[in-house]
Amino acid sequence: MYHPNKMIRQLIFFIFCVLFSGISVQAEPPLRVFIRAGVKTHGPGEHDHPRFLKEWTQLLDKRGAKADGSMDFPSSAQLNNTDVLVFYAANAGDIEPEQRHDLEAFLKRGGGLVVIHDAVCGHDPEWFKGVIGGAWEHGHSKWFEGEVGIHYTQEEHPITRGASNFFFDDEIYYNLHMMPGARVLAQSFHSTIVTAPQMWAYEKDAYRAFVSIPGHKHASFSLPHYRAILLRGIAWAGRREVDSLVNPQELDSLLPPERAQAIKANPAPAGKETAKPTKLARTFSWGSGPRVLIVGGGQSHDFDRWFNREDTATLGSGKMSVHYTDRPIDIAPALKQVDVLMLTNNKPIPGAQTRKAVFDFARRGGGLVLVHPALWYNWRDWPEYNSKLVGGGSRGHDKYGNFEVEVIKPDHPVMAGVPAKFAIRDELYRHSKDPRGTPADILAQATSPLSGKTYPNVWITKHPKARIVCITLGHDGASHTLSAFKTLLKNAARWASQK
């Protein structure tokens, strides 16, 4: 017998399944990691490359990555299915010409590298240092084994953010050949007055490399505070959130120095999950001039390179005191001291207290500069952000490309020194005004070469207390290194600070 209600229910179920499957396809795929290991060398518990391969493929799989590996250099097919290549093998820099060709192709498409301990060695250090940022030369470089100290530099970097110095029984290298572009993240003393790089980040062309000299003893990989750094390095090299592979206990171990020392004496086995960490906000040291806190983090942008390093330098050249964070927990305490909160993130800002602190800051007359990703409709559970602070938002943009920005209110201080018209290569956001939101005063706009429609690029949200500047430009370096953008950014921060 025909049952129309039953047919309708089946149809609804079918549509639901199709929609649900469509959503799942859009989810970020697992980070694909390939570990190139090698034969074991040295004594018991030292240079145990096969054991690392076995344990860390399992560990990475448990953390949501998709790990594979072998005792040999990966084939071109294996590299095609890899996002991050981890080297942990003796003389990993000895790469045959055909393998070099495959490696170069992997790096050109943005593949990431993580190199551990003796994997920096090889017999062509001049070539290898140009790939990973630094290399060991046989007969020249030296080592010291024993109780060594690792101290993090003042370099602000996502991999070592919030990490505490520590001592452990391992090995350091010195007299390495380093590239000028290598950003040294951690050092160790090889004499009473001379330090040598022990961890560094290296970015070249389209790829990222992270190098960690610690890793001589296998026990080091069970130290949560070191394991956290290594996992962060893998995530960073793969352009993922740096803490996406790290468990709470490992994050907790990074914070206070006394905690790191306690864990050193009682290491936890790899992969063991423990209690939720104690949350500690970062304390910032401020200099003279307007105090600006840049908040970044999220997807689809190189936040560290452009919103952190580039924009920090730009604002610093404008005699401002600037700090960057991608941890929402840092926001509320810092707002008691800052003049300008610059949101550049599409990463969630969870927690009612943090969100309340942002709105309280605005009600006190604080300055806000909202840039590019922060002008999207990012958070469905926080509609007040777009309605009250942005006055609307974007749900789409033109394909990345060239367009022209036109200044329509050149007399406003935010537009001082900005060319009346300037070309830019960026994403043209299709901003939509919220008819019930806070009104806006548009300062600059652009017409889409594709649709012919005109959209605002820069505007002032007419908040009753706060000074809020919104800038839709800023997808990547084509904007952040542009003179007009730099002038605009400095003007916006200065005007919002009221100083």
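The values are calculated or read from the model by the stated rules, or taken from the named source; none is laboratory data. The structure displayed is predicted, hence computed values, not measured ones. In this analysis, Cβ positions are derived from the backbone assuming ideal geometry, glycine residues included, and neighbour counts consider all displayed protein chains.
Restricting attention to the range 107-126, which residues are over 18 Å from H49 (Cβ atoms) and under 24 Å from the mean Cα position of the chain (by Cα)? Give the derivation first.
As a first pass, look at the range 107-126 and keep what is over 18 Å from H49 (Cβ atoms): 107-112, 123-126.
Passing the criteria: L107, K108, R109, G110, G111, G112.
From the list G162, G130, the one residue that fits, being surrounded by fewer than 24 Cβ atoms within 10 Å (Cβ to Cβ) and at pLDDT below 90, is G162. Output the number of the condition that A92 fails; it satisfies all remaining conditions of (1) among the small types (G, A, S); (2) out of contact with any Leu (no Cβ under 8 Å at 6 or more places or on another chain); (3) surrounded by fewer than 24 Cβ atoms within 10 Å (Cβ to Cβ). Exception for A92: condition (3). In the range 412-431, what residues are loosely packed, with under 15 Cβ neighbours inside 10 Å and either farther than 16 Å from S479 by Cβ or of a type in the set (D, E, K, R) (or both)? Across the range 412-431, the qualifying residues are P413, A416, G417, A420, K421, R425.
The single condition among (1) at pLDDT below 95; (2) under 21 Å from D170 (Cα atoms); (3) part of a helix (DSSP H, G or I) that T41 does not meet is (3). When the range 75-101 is filtered for residues that are among the acidic types (D, E) and farther than 21 Å from E203 by Cβ, the ones remaining, listed by number, are D94, E96, E98.
Within the range 463-474, does at least one residue satisfy the condition of being free of Cβ contacts under 8 Å to residues at least 60 places away in the same chain, buried (at least 22 other Cβ atoms within 10 Å of the Cβ) and either of a type in the set (D, E, K, R) or at negative phi (or both)? There is no residue in the range 463-474 that is free of Cβ contacts under 8 Å to residues at least 60 places away in the same chain, buried (at least 22 other Cβ atoms within 10 Å of the Cβ) and either of a type in the set (D, E, K, R) or at negative phi (or both). Taken as a whole, the range 316-338 holds at least one residue that is surrounded by fewer than 17 Cβ atoms within 10 Å (Cβ to Cβ), small (G, A, S) and part of a helix (DSSP H, G or I). The single condition from (1) closer than 20 Å to D434 by Cα; (2) hydrophobic (A, V, I, L, M, F, W, C); (3) in a strand (DSSP E or B) that I294 fails is (1). Counted as qualifying within the range 417-499 are the strands (runs of 3 or more DSSP E) with 2 or more residues that are polar (S, T, N, Q), namely 440-447, 454-461.
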